[in-house]
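Q: Pasting a structure below so you can have a look.
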Amino acid sequence: MSDEAIPRQSFTDKHRKVLLGGLAVAIFLAAWQAVFLVVPFNKLFVSKPDLIWDALVDLIVSGDLMRDLAISAVPFVYGFSAAVVVGVALGIVMGWRERVSYALDPIMTIFYASPLVALAPLVIVFFGVGVSGKAIIIFVLSVFPFIFNAQAGVRAVDRLLINVVRSMGGTERDLYLKVIVPSVLPYIVAGARIAVGRGLIGILVGEFFAASEGIGYAIARFGDLFALDRMFACIFAIMVIAVVLTEGIRWAERAAFPWRVGQ
Amino acid sequence: MQAYISGRNVNLTFRPPNRGPVRALQNFDIDIGEGEFLSIVGPSGCGKSTFLNVLLGLIKPDSGDIRMDGKPLAGPGTDRAMVFQEFGLLPWRTVQANVELGLELKGMSSDTRREVSQPLIEMIGLSGFEGHFPHELSGGMKQRVGLARALATDPNVLLMDEPFAALDAQTRDLMQVELLRIWQTAKKTVLFVTHQIEEAIYLSDRVMVMTKRPGRAKKIFKIDLPRPRDYEMRVTPEFNELKLQIWNELKDEITV
Amino acid sequence: MTDIRALEADIAQAADSGAPGRSAWYRLEPAILGTASIAVLLVLWEVLPRLITMSAGTKLFFTTPTQIAGTLWRLFATGTIWTPLGVSASGFALGLGLSIVVGLPLGVLIGRSRTLNAMLDPFITAFNATPRLVFLPLLMLWFGLGLEMKIVIVFIGALFPILINTYEGVRNADKTLINVVRSFGASEWDVARLVVVPNAMPYIVAGLRLAIGRAVLGVVVAEFFGSESGLGVMMVQAAGRYQVDVVFSGLIVFAALSLAMTAMVQVLESRLSRWRPQRAGGE
């Protein structure tokens, strides 16, 4: 800014947060590995990083991991897409029409407060363990963030901005393209971030219950087989996917809506 | 005039994390007499607010000698009190609890606190608002509370950091009149930081113009207008002459 | 912009209270419409299965509101629900309690210390993004099928909303206000007591509200997949026997539990935020 601000800074200063974080992860992994030099290691009860790594490589090379993930991805895509379409449409109507929101708000609140996961056994018994049962569970869990966020987004449209565009002779189309969509979209994307986590819960619930394939089934089966290294490897894979999805959306939010810095 | 507060060769550099260091004050000198009303005007970011925080004892300068009443300054103390630009009221405390904050931290009992706060709240014209929360007050009312809070601990020195900047023009004018009234009765030494030249002239005995960062004293103007001052004084030729002189000093320091 | 909106709200409020003739309907409209839509839904649910002919197999999966109400009444009247409810409630309460005891101080710590924050950030990000359900098979292996497992799964579910919200609240403490109290000679403890904690309070309460939802979810999944007793176990067994009314009864009890807890938090919230112009959100 001014010539008094001296931009010289050491590397460690600038990347302090990343370095400290990386250091902490390294210490954690090393401690995990090292603790079994002191404590007796029971393969059926715990695992350690090197074994987990081997199992992960093994699962990737054999293609098992990819196959399970691909199988789980199908209902996720169906359920999640349906949640986007239905949730956004319903949310926008509820945000736009006050009466609709009066009518639906209490029902939505009750649904949202109920642990809808509890209906999973029924859904599975009714629709079976295939794609449709899982997709429905995923849909039910991930639709609410879209409804609530789209509604909040429409409500947050600044009326002053609408008047500004109107006063400059903007048409209805300009109104949508220049004010409404840019205002609502960030809310919907933020909703997607929450919905992703809930959708993943949906997959796991569906597959823990009664499935013969998929990543959730793999975790449960490796648990039953006491193959802890493989179970940890699958857990790790899910963690990576979850972080990539949510942080990816966060990154996309910052890239696409730079004007919304700081929330 | 014997200086009540004196600063000599004060240097201060900020080292914020993730950014380069910023030199805020360089060889900064200042003298303030007892009971004097001194204003500091200067460009944004010149270090004038920083110096108030140094005097308050919140920031330690890297070097330099600061004395008050002949004694070197050491940390915050109840002989000084600050009035903040954004009021700095604790939003979860009522008017009365905000006014009594300093007294409470001194360990005073609630009865004694009340004996102090009650007349102050009366003086600032907020009787009946003791139980209100800050968000229920207008900007002018909030800053009255800020002023009462600063006066509650009966400090010798009032430090005011653009206290009226967040107020609208009319409220600001009224608050200036009120501040002068309080200053004349309470006999405090006031160090007043502002952006507004007119405000500085109207209130002060002397006005200091600061350079841009790193801040130093550029020139000091003595304001020989008679007291008590009234609003009409602002349209006199003398007043405008001073305003022009100060502006001429200041404008070279301002970069847009 | 904000000012204009606030002004509009003021005007709307003034108009609301100023027109007694029309305001009765305006005030009641949301309640009337909300109740009506729920009523319509219930009636449709009750009537439709009677009008549409279904095969016996499909019929097994349907129940009606009156049936559910009857079952719910029977469960409470005979007292059969109390044991499983007690088991579920204790897992819920102990897990949630533990997450508060751990999450609050940890949140304050990482809110005040940059170093600790930087070091714990990767773990918090990773665990918060991952559905905690993946750890269920592992936890079943480690803790068995009893109360401990339930407490742990509830704990890891409820911990993060509390931890993250506490952290946000602490970090957002107004620098000016901290300076204000410091200028009166306040100690670190005074700063925490007078500024940091009151400022974080609304965030913490919002986190608590989220945590309640997560805790109920934790109880449900723990009991679905790896427990011997509890409301969730009752529901899974009922689903296997096609007792759909029992499944819905369980769902309603769980929903009531989370709504009641949320209502309690809301009371706490409104008591604590009398000083606020409006409620703060923030996840």
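Q: Just checking, which of B:57, B:75, B:70 is at pLDDT below 90 and more than 8 Å from chain C (Cβ to nearest Cβ)?
A: Numbers: B:57 fails: more than 8 Å from chain C (Cβ to nearest Cβ); B:75 fails: more than 8 Å from chain C (Cβ to nearest Cβ).
Of B:57, B:75, B:70, the one residue that is at pLDDT below 90 and more than 8 Å from chain C (Cβ to nearest Cβ) is B:70.
Q: Can you tell me which residue is modelled with the lowest pLDDT among those in region B:198-221 that are among the small types (Gly, Ala, Ser) and in a strand (DSSP E or B)? Give the derivation first.
A: Taking region B:198-221 as the starting set, the residues that turn out to be among the small types (Gly, Ala, Ser) are B:200, B:204, B:215, B:217.
Still in the running and in a strand (DSSP E or B): B:215, B:217.
Values: B:215: 82, B:217: 87.
The extreme case among them is B:215.
Q: Need the failing condition index for residue C:263 against (1) assigned to a helix (DSSP H, G or I); (2) free of Cβ contacts under 8 Å to residues at least 12 places away in the same chain; (3) within 9 Å of another protein chain (Cβ to nearest Cβ), just the number.
A: Every condition holds for residue C:263 apart from (3).
Q: Same structure, new question: Would you call residue A:245 surrounded by fewer than 18 Cβ atoms within 10 Å (Cβ to Cβ) and either at pLDDT 90 or above or more than 23 Å from residue A:142 (Cβ to Cβ) (or both)? Before the answer, list the steps.
A: Values: surrounded by fewer than 18 Cβ atoms within 10 Å (Cβ to Cβ): yes; either at pLDDT 90 or above or more than 23 Å from residue A:142 (Cβ to Cβ) (or both): yes.
So residue A:245 fits the description; yes.
Q: (1) in a strand (DSSP E or B); (2) in contact with a Pro (Cβ under 7 Å, 6 or more places away or on another chain): which one isn't true of residue B:27, the others all being true?
A: Here residue B:27 clears every test but (2).
Q: Still on this structure, please answer the following. In a helix (DSSP H, G or I), under 32 Å from the mean Cα position of the chain (by Cα) and either within 12 Å of chain C (Cβ to nearest Cβ) or more than 23 Å from residue A:85 (Cα to Cα) (or both): is that true of residue A:163 in this structure?
A: no
Q: Then there's this: What residue, of C:87, C:152, is assigned to a helix (DSSP H, G or I), within 28 Å of residue A:234 (Cα to Cα) and more than 10 Å from every other protein chain (Cβ to nearest Cβ)?
A: Details: C:87 fails: within 28 Å of residue A:234 (Cα to Cα).
Criteria check complete, one pass: C:152.
Q: Report whether or not residue A:191 is more than 10 Å from chain C (Cβ to nearest Cβ) and in contact with a Phe, Trp or Tyr (Cβ under 6 Å, 6 or more places away or on another chain). Lay out the reasoning, then the answer.
A: Working: more than 10 Å from chain C (Cβ to nearest Cβ): yes; in contact with a Phe, Trp or Tyr (Cβ under 6 Å, 6 or more places away or on another chain): yes.
Judged against the criteria, residue A:191 is a match.
Q: Also, I was wondering about something else. Taking the criterion of being surrounded by fewer than 18 Cβ atoms within 10 Å (Cβ to Cβ), in contact (Cβ under 8 Å) with a residue 12 or more places away in the chain and assigned to a loop (DSSP other than H, G, I, E, B), would at least one residue in region B:114-123 satisfy it?
A: No - not one qualifying residue is present in region B:114-123.
Q: I'd like the full set of residues that are surrounded by 21 or more Cβ atoms within 10 Å (Cβ to Cβ), more than 8 Å from every other protein chain (Cβ to nearest Cβ) and out of contact with any Lys or Arg (no Cβ under 8 Å at 6 or more places or on another chain), limited to region C:165-184.
A: Result: C:165, C:166, C:167, C:169.
Q: Now a separate question. Restricting the search to region B:8-25, which residues are crowded, with 18+ Cβ neighbours inside 10 Å and within 14 Å of chain A (Cβ to nearest Cβ)? Spell out how you get there, then give the answer.
A: Within region B:8-25, the first condition is being crowded, with 18+ Cβ neighbours inside 10 Å, and the residues that meet it are B:10, B:12, B:22-25.
Passing the criteria: B:12, B:22, B:23, B:24, B:25.
Q: In addition: Just to be sure I understand the filter: pairs with C-beta atoms under 6 Å, separated by 6 or more residues or on different chains, first member in region B:86-108 and closer than 14 Å to residue C:198 by Cβ and facing chain C (nearest Cβ under 7 Å), second member in a loop (DSSP other than H, G, I, E, B) and of a type outside the set (Ser, Thr, Tyr). Which pairs pass?
A: Sorted first by the residue in region B:86-108, then by its partner, the pairs are B:91/C:275; B:92/C:275.
Q: Would you please list the contacts, defined by Cβ atoms under 7 Å and residues six or more apart or on different chains, that run from a residue in region B:32-53 that is touching a residue at least 60 places away in the same chain (Cβ under 8 Å) to a residue that is outside any strand (DSSP E or B) and of a type in the set (Lys, Arg)?
A: Within 7 Å, the pairs are B:35/B:187; B:40/B:48; B:42/B:48; B:43/B:212; B:45/B:213; B:46/B:212; B:46/B:213; B:47/B:213.
Q: Just checking, how many residues over region C:204-254 are more than 11 Å from chain A (Cβ to nearest Cβ), small (Gly, Ala, Ser), touching a Leu at 6+ places or on another chain (Cβ under 7 Å) and assigned to a loop (DSSP other than H, G, I, E, B)?
A: 1
Q: Looking at region C:163-175, is at least one residue assigned to a helix (DSSP H, G or I), under 30 Å from residue B:73 (Cβ atoms) and without any contact (Cβ under 8 Å) to a residue 12 or more places away in the chain?
A: Keep residues of region C:163-175 that are assigned to a helix (DSSP H, G or I), which gives C:163-171, C:175.
With under 30 Å from residue B:73 (Cβ atoms) added as a condition, the list becomes C:175.
Then drop every residue that is not without any contact (Cβ under 8 Å) to a residue 12 or more places away in the chain, which leaves C:175.
Checked against the condition, which is being assigned to a helix (DSSP H, G or I), under 30 Å from residue B:73 (Cβ atoms) and without any contact (Cβ under 8 Å) to a residue 12 or more places away in the chain, region C:163-175 yields at least one hit.
Q: Taking region A:99-149 as the search range and keeping residues that are assigned to a helix (DSSP H, G or I) and among the hydroxyl-bearing types (Ser, Thr, Tyr), which one is surrounded by the most Cβ atoms within 10 Å (Cβ to Cβ)?
A: If we filter region A:99-149 for residues that are assigned to a helix (DSSP H, G or I), which is where we start, we get A:99-113, A:116-127, A:131-149.
Imposing the further condition that a residue be among the hydroxyl-bearing types (Ser, Thr, Tyr) reduces the set to A:101-102, A:109, A:112, A:132, A:142.
Working: A:101: 20, A:102: 18, A:109: 15, A:112: 16, A:132: 15, A:142: 27.
The residue in question is A:142.
Q: Among the residues of region A:238-263, which ones are touching a Pro at 6+ places or on another chain (Cβ under 8 Å) and within 11 Å of chain C (Cβ to nearest Cβ)?
A: Listed by number, the residues that qualify are A:238, A:242.
Q: Find the residue count for region C:183-232, including only residues that are of a type in the set (A, V, I, L, M) and farther than 26 Å from residue C:251 by Cβ.
A: Initially, region C:183-232 is screened for residues of a type in the set (A, V, I, L, M), giving C:186, C:191-192, C:194-197, C:200-201, C:204-206, C:208, C:210-212, C:215-217, C:219-222, C:231.
Add one more test, that the residue is farther than 26 Å from residue C:251 by Cβ, and what stays is C:186, C:191-192, C:194-197, C:200-201, C:204-205.
The qualifying residues number 11.
Q: So which residues in region A:196-237 are part of a helix (DSSP H, G or I), more than 10 Å from every other protein chain (Cβ to nearest Cβ) and farther than 29 Å from residue A:145 by Cβ, if there are any at all?
A: Across region A:196-237, the qualifying residues are A:229, A:230, A:233.
Q: Select from region A:157-201 the residues that are under 30 Å from residue A:77 (Cα atoms) and in contact with a Lys or Arg (Cβ under 8 Å, 6 or more places away or on another chain) and list them in ascending order.
A: If the condition is that a residue be under 30 Å from residue A:77 (Cα atoms) and in contact with a Lys or Arg (Cβ under 8 Å, 6 or more places away or on another chain), then A:186, A:193 are the ones that fit.
Q: Search region C:110-147 for residues being in a loop (DSSP other than H, G, I, E, B) and more than 7 Å from every other protein chain (Cβ to nearest Cβ), and hand back the single one that is farthest from the chain's Cα centre (by Cα). First the steps, then the outcome.
A: Step one: list which residues in region C:110-147 are in a loop (DSSP other than H, G, I, E, B), which gives C:113, C:130-131, C:144-146.
Pick out the ones that are also more than 7 Å from every other protein chain (Cβ to nearest Cβ) and you get C:113, C:144-146.
Values: C:113: 29, C:144: 26, C:145: 25, C:146: 24 Å.
Among residues in region C:110-147 that are in a loop (DSSP other than H, G, I, E, B) and more than 7 Å from every other protein chain (Cβ to nearest Cβ), the one farthest from the chain's Cα centre (by Cα) is C:113.
Q: Let me ask another. Does any residue of region C:43-62 turn out to be at pLDDT 85 or above and over 31 Å from the mean Cα position of the chain (by Cα)?
A: Checked against the condition, which is being at pLDDT 85 or above and over 31 Å from the mean Cα position of the chain (by Cα), region C:43-62 yields at least one hit.
Q: Please pick out the residue among C:218, C:213, C:226 that is in contact with a helix residue (DSSP H, G or I) (Cβ under 8 Å, 6 or more places away or on another chain) and surrounded by fewer than 21 Cβ atoms within 10 Å (Cβ to Cβ). Spell out the reasoning first.
A: Details: C:218 fails: surrounded by fewer than 21 Cβ atoms within 10 Å (Cβ to Cβ); C:226 fails: surrounded by fewer than 21 Cβ atoms within 10 Å (Cβ to Cβ).
That would be C:213, the only listed residue that is in contact with a helix residue (DSSP H, G or I) (Cβ under 8 Å, 6 or more places away or on another chain) and surrounded by fewer than 21 Cβ atoms within 10 Å (Cβ to Cβ).
The values are calculated or read from the model by the stated rules, or taken from the named source; none is laboratory data. What you see is a predicted model, and the numbers here were worked out from it, not measured in a lab. Because the Cβ atoms are built from the backbone with ideal geometry, glycine has one as well, and the counts that use them run over all protein chains shown.
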